[in-house]
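Q: This is the structure I have questions about; it appears just below.
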Amino acid sequence: MKKNNILKIKDLSVSYGPIRALKNISLEVNEGEIVVLIGANGAGKTSLLKAILGIQKAESGSILFLGNDITHKATDKIVNSGICLIPEGHVIFSSMTVLENLQLGACYNTHDMGKNLERVFEWFPVLRERSRQIGGTLSGGEQQMLAIGRGLMSNPKLVMVDEPSLGLAPKIVSEIFNILIELNKEGYTILLAEQNAKKALECGNRGYVMETGKVVLHGATQKLMNNSEVCQAYLGSSV
């Protein structure tokens, strides 16, 4: 049975002054999927996520979310419509407590704050244990969990995650990816941008390979993992 389309991007271009960061990007994310964006640093993955959220304005093309055109909407309106971005570098409010960070994540969904907070604590028990602790004193992995939890407090329909493995030890990286898989099983649709192509492709359903602001390959993740060009460029092997 065909799944409902949540996000549809058509011929999207974005520029930073004279530099064209995205060049006619087209992609789709369907309900219940984990869709991964892989590519080297500078390929345009973060620029694409920022454009979806309205942080970086589209030069041309269109972005549809749940069938509605959000191409030129304000960021707060886009967030309120059901998209959250968990930025790279486990960004949190380091001078605030864990609980205060999570409460800020619910600023557009305060009526469900208690229920969502309890769910976040169920997914991340360490955050319950440290709810009164200052965020900046958490480990890198715990800060990443807090960043994810804060995003989930808005009860989003689409969760965008940017480079969750950045700066984390391999064991913690595996834990974070397992969390994303479990969240997907809970019903969250995820768009994941990640340089660790192997981890990303292993957890995703479909993938897009980006190079210098363009999509150069796309398809089922297993198909991409068996592609000789992807293996040589991103997986350190050949088939």
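The values are calculated or read from the model by the stated rules, or taken from the named source; none is laboratory data. Note that the structure is a prediction, hence the values are computed from the model and not measured. Cβ atoms come from the backbone with ideal geometry, glycine included; neighbour counts cover every protein chain shown. Protein only, heavy atoms only, side chains kept; ligands, DNA and RNA dropped before computing areas. Shrake-Rupley method; radii C 1.70, N 1.55, O 1.52, S 1.80 Å.
Q: What number, in percent, do you get for the relative contact order of the stretch 143-230 if the mean sequence gap of Cα pairs under 8 Å and at least 6 apart is divided by its residue count?
A: So the answer I get is 23 percent.
Q: Run the helix sum for the chain: -39,500 (n - 2.57) per DSSP H stretch of 4+ residues, divided by residue count, reported at 222 nm to the nearest 500 deg cm²/dmol.
A: Numbers: 9 runs with 80 residues, N = 239.
Result for the chain: -9500 deg cm²/dmol, rounded to the nearest 500.
Q: With a 1.4 Å probe and all protein chains left in place, how much of the accessible area of the chain comes from carbon and sulfur atoms, in whole percent?
A: That share works out to 50 percent.
Q: Within 10 Å of each candidate Cβ there may be at most 16 other Cβ atoms; applying that plus a DSSP loop requirement, which GluC sites (Glu not before Pro) in the stretch 12-79 survive?
A: Here the sparse-neighbourhood loop sites are E31, E59.
Q: With every protein chain present, what is the per residue accessible area of the chain (1.4 Å probe, Å²)?
A: The answer is 46 Å² per residue.
Q: If you don't mind, there's one more thing I want to ask. Tell me, how many Å apart are the Cα centres for the stretch 151-188 and for the stretch 92-136?
A: The stretch 151-188 and the stretch 92-136 have Cα centres separated by 16 Å.
Q: Which three semi-axes in whole Å describe the equivalent ellipsoid of the chain, each the square root of 5 times a Cα gyration tensor eigenvalue, listed largest first?
A: Calculated on Cα positions only, the semi-axes equal 28, 21, 17 Å.
Q: Measure out, as a whole number of angstrom, how far apart the alpha-carbon centroids of the stretch 65-89 and the stretch 27-51 sit.
A: 14
Q: Using label points projected 7 Å from each Cα along Cα→Cβ, tell me how many nm separate R119 and E28, to one decimal.
A: 2.6
Q: Here's another thing I want to ask about it. Return the FRET efficiency for the residue pair E100, E186: r is the Cβ-Cβ distance, R0 is 22 Å, and the value is rounded to the nearest 0.05.
A: E(calc), rounded to 0.05, equals 0.35.
Q: Further question on the same structure: Starting from the 7 Å offset along Cα-to-Cβ, what nm value, one decimal, do you get for the label separation of F93 and I19?
A: 3.1
Q: Next question, about the same structure. For the stretch 142-204, compute Rh as the Kirkwood radius over C-alpha pairs and then the Stokes-Einstein diffusion coefficient at 10 °C and 1.306 mPa s; write the answer in µm²/s, rounded to an integer. Spell out each step's value before the answer.
A: Values: Rh = 11.9 Å.
Calculated translational D: 134 µm²/s.
Q: Can I ask one more? Output the 0 to 90 degree angle, nearest 10, between the alpha-carbon long axis of helix 113-123 and the longest principal axis computed from the alpha carbons of the chain.
A: The helix 113-123 is inclined about 70 degrees to the chain.
Q: Dipole of the chain (Lys/Arg Cβ +1, Asp/Glu Cβ -1, origin at the Cα centre): which of A40, V215, G140 lies farthest to the positive side?
A: Towards the positive end, the residue furthest out is V215.
Q: Only Lys, Arg, Asp and Glu count, each charged at its Cβ (+1, +1, -1, -1), so figure out the dipole size of the chain about its Cα centre, rounded to 20 debye.
A: Roughly 360 debye, rounded to the nearest 20.
Q: Only Lys, Arg, Asp and Glu count, each charged at its Cβ (+1, +1, -1, -1), so figure out the dipole size of the stretch 35-142 about its Cα centre, rounded to 20 debye.
A: For the stretch 35-142, the charge dipole is close to 80 debye.
Q: Turning to a different aspect of this structure: Considering Cα pairs under 8 angstrom that are at least six residues apart, work out the relative contact order of the chain and quote it in whole percent.
A: 26
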